[in-house]
Amino acid sequence: MSADTDVCIVGAGAGGAVAAWALVRRGVHVLLLERGPRFSPSDYETHSPDWEVRSSPLAAFSEAPEQRSYESASGEPLDPRYAHLASRSPTSFAAPPPARRRSFYYSRALGVGGSTLHYQGEAHRFPDHALRLRSERGVATDWPLEPRELAACYQRAEELLQVAGDPENPFKAPRGAYPHPAHPLSAVSRRVAAGASKLGWRLLPNPLAILPVARGSRAACHYCNGCVRGCDVAAKSSVDVAVLPDAEATGRLRVVPRFQATRLEHGPDGRITAVVGFDADGREDRHTARAFVLAAGAVETPRLLLASAGGAHPDGVGNARDQVGRHFMETLYVHRAGYFDEPLETWAGIPIEARIWDWNGAVARDGPPAGFVLGQFAGWLEGPVGNALDGVEGFGRRHREAMRRRFGAGTTLFGIAEQLPRPENRITLSRETDARGVPLAHVETHLDAVDLEVLSHMHARLGELAEAAGLHTLVGQTGAYDTPSATHVAGSCRMGHDPGGSVVDAFGTVHGVPNLVIADASVLPTQGAGDSPSLTIQALALRAAEALADRAQRGEVSR
């Protein structure tokens, strides 16, 4: 029986959409399956004046009970030596810190566009040393490719997304100009930059996949700070507006939203023959193809591989060496929120328009052997409701006067670090199932001594930055110490030359399964020293998709 299409892709996020774009440009016919719906910029709540109290359509779907697909291992006991990291708000500063770490929370967006729907547009090239941690730092592992092999793919991804940035970043490898100059810094970023300068640090413009000028039907950024809620003018280059329309215009791409993939079918030789799942009406369906790309993320991709056990893959597809799900990396973060002594319109701008990369080189500085970055964003003090509920104490006249002083003066300083990969941090299958009868992903992630030290180090640096910048009134903090809230998850199907320690090769092809490619964050061997992974996922997806097309032309994919 002939296949439905040339390539079937599961997941329409950063990796899946870019892989589809690259394939159709090579003349390949692609079917793109996405678990979530297709949103329009007009759907987002920021069009309404009461946006802070409206339900987010992204969250409403992604966090609905019927979409539950993972569970968390029991929280580990907290080390009291790091109690200064405990999460607190104005109403809980006097409360005793918790005894155990809370359950893992995966901040994701289900929909055509995936997590690019709610990401903040950061478009980072990983620093060169992040790909050679074993060779250069004696920790973690090396990637199975050199930085120069990614450079051309990075540039093409930046052009596709129309990234705006400043190429003169001394903490990054030399490069040419971005498609657009960097966005201007807001008043609050300029204040934080002045504070950083006092400490000998540099707050530098962030490369952002956000349009500074209109392009086609997409408007220029209007600096509303609402990127995490979905861009209501399509200025942010989420892949649903920046990548997929061009791919669909070729006539070789069909996007199927609201399809939940539940297992992969495979033949006696181990090659994948079909994706089975449920459509928007709840009917089971299957899609055949000559080759397949998984791009469902670092939690869902290993879940699908493990749930497809049987026949030639008794322990799960790609799991002959017990590597699927291992080396999962969560987000190590610290947030410290507070108020300046004067309004700075902190609600305006772009959420993370600049960063401090001084510790991105890890052991080149004092501190633990894990890289991190610092920065500023509005956080939970962005709008009037957030300020009233979480930043301003008191009642009646006292509360009203405090709101007058504080609204527009509040911000959040943050630190993001890499979690070094460890095999015991992993994704397995639970005994509990979802609404479709598929085992939930069981997320097992713990902090080790390096994690706790880097969290403490970031916490201290943020305190210094707050003092230097004049953010004297600290009103709350949260962090991975006791509140794992992961956005930049990675690993679980990492790439490598040795099948004994990896799941895919340097082009994302699953070891021993030549017609199956993975193109999402699960293939990342390390996290990029605190940088956002989206652009790297997209660069790798370009590389993997084009290699797949080349192999298909040589007859190496189909039997």
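Data overview
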{"quantity": "Surrounding net charge for GLY16, when Lys and Arg each add one and Asp and Glu each subtract one, Cβ distance under 13 Å", "calculated": "-3"}
{"quantity": "Label-to-label distance, nm, for residues given as ASP166 and SER74 (7 Å Cα→Cβ offset)", "calculated": "5.0"}
{"quantity": "Modelled FRET efficiency - R0 45 Å, ARG25 with ASP315, Cβ distances, 0.05 increments", "calculated": "0.80"}
{"quantity": "Order by protection proxy (mean Cβ within 10 Å, highest first), peptides 448-461, 51-64", "calculated": "448-461, 51-64"}
{"quantity": "Under the Karplus curve 6.51 cos²θ - 1.76 cosθ + 1.60, θ = phi - 60°, whole-Hz ³J(HN,Hα) for segment 459-469, x wherever Gly or Pro sits", "calculated": "4, 5, 5, 5, x, 5, 5, 4, 5, 5, 8"}
{"quantity": "Residues with amide H under 5 Å from that of ILE210, placed H, sequence gap 5 or more", "calculated": "ALA164, SER237"}
{"quantity": "With Cα atoms, 0 to 90° folded angle of helix 187-198 axis to the chain main axis", "calculated": "80"}
{"quantity": "Ranked packing of 96-109, 306-319, 346-359, most packed first, by mean Cβ within 10 Å", "calculated": "346-359, 306-319, 96-109"}
{"quantity": "Over the chain, relative contact order from alpha-carbon pairs under 8 Å, at least 6 apart, %", "calculated": "24"}
{"quantity": "Answer label for percent of Cα pairs over 45 Å apart (calculated), chosen among (1) 11; (2) 17; (3) 40", "calculated": "(1)"}
{"quantity": "Distance between modelled label sites at ALA99 and ASP281, nm, 7 Å Cα→Cβ extension", "calculated": "5.3"}
{"quantity": "Table column - 3J(HN,Hα) (Hz), segment 269-284, Karplus curve with 6.51, -1.76, 1.60, x for Gly and Pro", "calculated": "7, x, 5, 7, 10, 6, 10, 10, x, 10, 7, 4, 8, x, 8, 6"}
{"quantity": "Rounded, prolate or oblate (a/c below 1.5 giving rounded, otherwise prolate when a/b exceeds b/c) for segment 404-559 by Cα gyration tensor", "calculated": "prolate"}
{"quantity": "Residue exposure sequence - LYS198, LYS236 - by fewest surrounding Cβ within 10 Å", "calculated": "LYS198, LYS236"}
{"quantity": "Spacing of the two label points (7 Å from each Cα toward its C-beta) at ARG38 and SER107, in nm", "calculated": "2.9"}
{"quantity": "Calculated from backbone phi, Karplus (6.51, -1.76, 1.60) coupling profile of segment 60-77 in Hz, x at Gly/Pro", "calculated": "4, 7, 5, 9, 5, x, 6, 9, 4, 9, 9, 10, 10, 5, 4, x, 6, x"}
{"quantity": "Added length on full extension, which subtracts the Cα-Cα distance from 0.36 nm per residue, GLU63 to GLU265", "calculated": "69.9 nm"}
{"quantity": "Span from the segment 444-492 Cα centroid across to the segment 206-270 one, whole angstrom", "calculated": "30"}
{"quantity": "Separation between Cα centres of segment 1-69 and segment 113-132, rounded to whole Å", "calculated": "18"}
{"quantity": "Among 12-18, 480-486, 134-140, the order from most to least packed when residues are scored by Cβ within 10 Å on average", "calculated": "12-18, 480-486, 134-140"}
{"quantity": "Cα gyration tensor shape for segment 394-488, rounded if a/c is under 1.5, else prolate or oblate", "calculated": "oblate"}
{"quantity": "Segment 263-323: relative contact order in percent, alpha carbon pairs under 8 Å with at least 6 residues between", "calculated": "29"}
{"quantity": "Options GLY394, VAL443, ILE416, ranked by Cα towards positive dipole end of segment 392-448, top entry (Cβ charges)", "calculated": "GLY394"}
{"quantity": "Rounded, prolate or oblate (a/c below 1.5 giving rounded, otherwise prolate when a/b exceeds b/c) for segment 34-116 by Cα gyration tensor", "calculated": "oblate"}
{"quantity": "Segment 406-457: relative contact order in percent, alpha carbon pairs under 8 Å with at least 6 residues between", "calculated": "30"}
{"quantity": "Paramagnetic reach from GLU464 in segment 138-172 [backbone N under 19 Å; point 7 Å along Cα→Cβ]", "calculated": "171"}
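Any read-out appearing in this document is the output of simple, stated calculations on the displayed coordinates, not a laboratory observation. Predicted model, so just to flag it, every value in this text is computed and none were measured. Neighbour counts are summed over all protein chains in view; Cβ atoms, including those assigned to glycine, are modelled from backbone coordinates with ideal geometry.
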